[in-house]
Amino acid sequence: AVMASRLHQPLLTVVVPTFNEQDNVEPLVERVSQALAGVDIEMIFVDDSTDRTPRIVMGLETEFPVKLIHREAGQRAGGLTTAIVRGLRAARGTYVCVLDGDLQHPPEKLREMLIEAQRTGADIVAASRYRSGGSASGLPGVMRRLVSVASKWLSKLLFYERLRDASDPGSGFFLLRRQVIEGVELRPVGYKMLTEILVRGRWSRLAEVPYSFEVRNAGASKAGFRQGWQYLHHTARIFVEVPEVARLWKFLMVGASGVIVNLGLLWLSVDIVGTHRYAGWIVGVEASVVSNFWLNRTFTWRDRQAEGVAGTAAQAARYHVASLLGVAANFIVFFGATALGAPTLAAGALGVAAGVVTNFTGASQFVFGQEQEPVAPASVPLQLVTLAAGTDPMIEQEEAAA
């Protein structure tokens, strides 16, 4: 019987990171219990508290398993998100949901989120403050709301490949199939765990449900300047470490460095060495193309590097062709715009934009290969709920085959 208990897999694990939430634990558990009545669940509290929170958790009497993971001071590096990672790794459920311990995330939404995951087959269901029917009114003050919206759009702009369909990528209230993060190295900092999972996780379908971010029930908010700095740190880490996102922005950064190389060598060749200006122009252009290729190969598309000298040489040759096509596109658009009467600077800007788009498309498709499709975790059969007429889809589960 003990072995069977250890092997049992609940349908849902609810992970709650806590830091000094002694007045919120009992009402939170009561509301979770009511919201998920009849559902096979477990709860995991990952606690960084210095108050009575861990003792209250240990004293809970519930109809479902409750586990406490208390982190001592030296184990709390990274803040909230590393606590969530600890809970995710300890979870046993087919699905895992994360919500805060301060009751700003209404537990009553848990049932709706689980039903939505099963109805749509979504790998991740995010509770969104910014969908129709949702609200961020629980954020204290206009400045907090502005920061929330600004960070949302910065993340979506930088990591649009993975966040374009997410209306609230900074939400701390979400549900996922545990397979989404199995075998995935998560390296979050600060508060934005959903962003980390959306960017690094193995998923193919995202669903959202609206919710109202509520006013804190008790205790003090932990948000402040430090959390803002952690967000920037986390964003920079994703930008640098995850090659398949923000490629356009990386490409533009490399291109800017190429302009410096081009103009610097042109000046050096003509004004210092005394080379003819046309020869200096050729040196500058070729050097910028070579430096751009090398930086894009080692930074922007480092996950698509060709192997060996021959492969690298072939990629370099294709990069030169793509660059020539970019120059041609620039010229054609500039010439056509000026012929139609556009001001010179406007025509020049259009030409540059056409050249950048052509260069990026050529580098992405012709030089460094095709984009890989995201790997969905659905290849492994799921413990899904059996839907029968007149039954509650949260309670009646599919029996394992004999």
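The values are calculated or read from the model by the stated rules, or taken from the named source; none is laboratory data. This structure is a prediction, so every number in the text was calculated from the model and none was measured. Quick reminder, even Gly has a Cβ in these numbers, built from the backbone with ideal geometry, and neighbours come from all protein chains shown. Only protein heavy atoms, including side chains, enter the accessible area calculation; ligands, DNA and RNA are left aside. Shrake-Rupley method; radii C 1.70, N 1.55, O 1.52, S 1.80 Å.
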Set the Förster radius R0 to 60 Å, insert the Cβ-Cβ distance between Val142 and Ala317 as r into 1/(1 + (r/R0)^6), and round the FRET efficiency to 0.05. 0.65
Accessible carbon and sulfur surface of the chain relative to its total accessible area, %, 1.4 Å: 63
How would you classify the range 182-314 from its alpha-carbon gyration tensor, with a ≥ b ≥ c the square roots of the eigenvalues: rounded for a/c under 1.5, else prolate if a/b is greater than b/c, otherwise oblate? prolate
Of Lys152/Lys192; Lys156/Lys250; Lys67/Lys152, those spanning more than 21 Å from alpha-carbon to alpha-carbon: Lys67/Lys152
Over all directions, average the projected area of the Cα convex hull of the chain and note it in nm². 28.2
Keeping every protein chain in place, order Met113, Met143 by accessible area at 1.4 Å, biggest value first, i.e. largest first. Met143, Met113
Accessible area per residue for the range 28-167 in Å², computed with a 1.4 Å probe and the full protein assembly in place, what is it? 43
State, as an integer percentage, the relative contact order of the chain based on alpha-carbon contacts under 8 Å between residues 6 or more apart. 15
Using R₀ = 30 Å, calculate the FRET efficiency as 1/(1 + (r/R₀)^6) where r is the Cβ-Cβ separation of Ala349 and His233; round to 0.05. 0.30
In the full protein assembly as shown, how much of Glu286 is accessible to a 1.4 Å probe, in Å² to the nearest 10? 80
Kirkwood Rh, the range 96-206, all Cα pairs: how many Å? 14.5
Label point 7 Å out from Leu268 along Cα-to-Cβ: which residues of the range 281-315 have amide N under 13 Å? 283-288, 291
Heavy-atom accessible area of Trp249, protein chains in place, probe 1.4 angstrom, given in Å² to nearest 10, is 80
To the nearest Å², the heavy-atom accessible area per residue of the range 236-353 with 1.4 Å probe amounts to 57
Given backbone amide H placed at 1.01 Å from N, residues whose amide H is under 5 Å from that of Val15, ignoring those fewer than 5 places away on the same chain, are Ile44, Cys97, Val98, Leu99
Rg and Dmax of the range 13-56, using alpha carbons, in Å: what are they? 10.9, 34
Can you send over the solvent-accessible area of His320, 1.4 Å probe, protein chains only, in Å² to the nearest 10? 60
Sort Lys250, Lys109 by heavy-atom solvent-accessible area, probe 1.4 angstrom, most to least. Lys109, Lys250
Kirkwood Rh, Cα atoms: Rg over Rh of the range 143-209: 0.95
With viscosity set to 1.567 mPa s and temperature to 4 °C, compute the Stokes-Einstein D of the range 253-365, Rh being the Kirkwood radius across alpha carbon pairs; µm²/s, no decimals. 85
